[in-house]
Amino acid sequence: MSEWQRKSPLEWQTYVNKEVKVTAAEKHEYKGWVLTIDPVSANVVLVKLVEDGKVCVSVILGHAVQKVEIVNEGDDEMKERLAHLFMPEESKAYGHEELVKRKSSLKTWLETNHIPVTEQGESQRTLCVAGVLTIDPPYGPEDCSSSNEIILSRVQSLIQGHLAMQ
Amino acid sequence: MKVPVSVIRLPRGPDGTSRGFDPNSPRYQALSPISISTMGCGNEADLEQEQQARVALRERYLRSLFAMVGHTIHFTMYERVNVSAFFDASDIDILNFQVSDLQTPLGVHREALLRCSDIISYTFEL
């Protein structure tokens, strides 16, 4: 395992949002802004902003990284841009009453399908399914959180079916 | 006296009880680097900070993988081999990439599995 792969997550984090030059195996060199470094494989994800808003992403595999040099510390603007890259689009903003209606409608649908669901959290905004999955507003399939993939997938399909019927 | 019923024990999944990334799973031990990087035994606050860093870094990487799906990726491999393909999926330990329509000098492979240990870098445009 190379020296790069042996670094700790906190050390890797010091490179994020900075512009670096990476020297890799077989004399390859890459330059770009560090979006992230995967803690599992130590892969370095570099982003280069090309003309007309396009983005070029280069990822150097952790085992091939020989040297990483910081060439630019970067600024807040770059940090913001990188933070929003790959993030899902902001969902349409729903009003409070609309959200309550969506929540009740979903809760009823789940109960009709014999799935135990409770409301929890401050102001009871979050739905909790069988104690292992939570659904946050606006209660779409992407708003589910669970460590159990099977239940996650089942509930997501149910929600999708429910929304399709509206 | 009742005759006991024989019990069939089904084999466990590769990751034991969970499907999460498990550094102790036999598969990970066999196929990837010897240890997962960590500061080892630090105090609790430091370990928590380290785990927060790991979470933030991993989330961004997973989202970057997700963004690759359906795009054409160019892979730079060892021995000056360059190929391109549509990205389909990665395994949880980032040891293999599943791709389709892999363009190689020998022809196009409809479906293929690329070993990450053979890849130096990969790039795509968004």
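The values are calculated or read from the model by the stated rules, or taken from the named source; none is laboratory data. Remember, predicted model here, so these are calculated numbers, not experimental data. Glycine gets a Cβ as well: all are built from the backbone with ideal geometry, and neighbour counts include every protein chain shown. Keep in mind that these areas ignore ligands, DNA and RNA; they rest on the heavy atoms of the full protein, side chains included. Shrake-Rupley method; radii C 1.70, N 1.55, O 1.52, S 1.80 Å.
Calculated from the alpha-carbon coordinates, the stretch A:96-165 shows an Rg and a Dmax of 10.9, 31 Å respectively. Chains A and B together bury roughly 3300 Å² of accessible surface, counting both sides and using a 1.4 Å probe on protein heavy atoms.
Seen against the Cα atoms of chain A and their longest principal axis, helix A:96-112 is set at about 70 degrees. Compared with the dominant principal axis of the Cα atoms in chain A, helix A:149-165 is inclined by about 60°. Taken over the alpha carbons of chain A as equal point scatterers, the Debye sum produces base-10 log I(q)/I(0) values at 0.08, 0.15, 0.20 Å⁻¹ of -0.41, -0.86, -1.10.
Counting only protein heavy atoms and a probe of 1.4 Å, the accessible surface of chain A is 48% carbon and sulfur. Taking the chain by itself as reference, the stretch B:67-84 contains these residues with an accessible-area loss of 40 Å² or more in the full protein complex (1.4 Å probe, heavy atoms): B:Y78.
Ranked highest first by the average count of other Cβ atoms within 10 Å around their residues, in what order do A:94-107, A:26-39 fall?
The most tightly packed comes first, giving A:26-39, A:94-107.
Considering only alpha-carbon pairs that sit under 8 angstrom and 6 or more positions apart, the relative contact order computed for the stretch A:96-165 is 23 percent.
At q = 0.14, 0.17, 0.23, 0.32 Å⁻¹, what is the log10 ratio I(q)/I(0) for the stretch A:1-51, with the Debye formula run over Cα points and no solvent? Results for the stretch A:1-51 at q = 0.14, 0.17, 0.23, 0.32 Å⁻¹ read -0.35, -0.52, -0.91, -1.33.
Summing charges over all other residues whose Cβ lies under 14 Å from the Cβ of A:L49, with Lys and Arg as +1 and Asp and Glu as -1, gives -2. Translational diffusion of the stretch A:54-138, estimated by Stokes-Einstein from the Kirkwood radius over alpha carbon pairs at 25 °C in a medium of 0.890 mPa s, is 141 µm² per second. On a 28 Å Cα-Cα criterion, which of the cross-link pairs A:K54/A:K103; A:K7/A:K54; A:K54/A:K101; A:K27/A:K48; A:K21/A:K79 come out too long? Pairs exceeding the cut-off: A:K54/A:K103; A:K7/A:K54; A:K54/A:K101. Legend: P(r) of the stretch A:3-84 from all alpha carbon pair distances, 5 Å bins from 0, whole percents, reading 3, 16, 28, 27, 16, 8, 2, 0. Both radii are taken from the alpha-carbon atoms of the stretch B:68-124; with Rh as the Kirkwood radius, Rg/Rh is 0.92. For the stretch A:65-166, the solvent-accessible area works out to 68 Å² per residue, with a probe of 1.4 Å and every protein chain left in place. Counting only other chain Cβ atoms within 10 Å of each residue's Cβ, the peptide A:141-154 averages 1.
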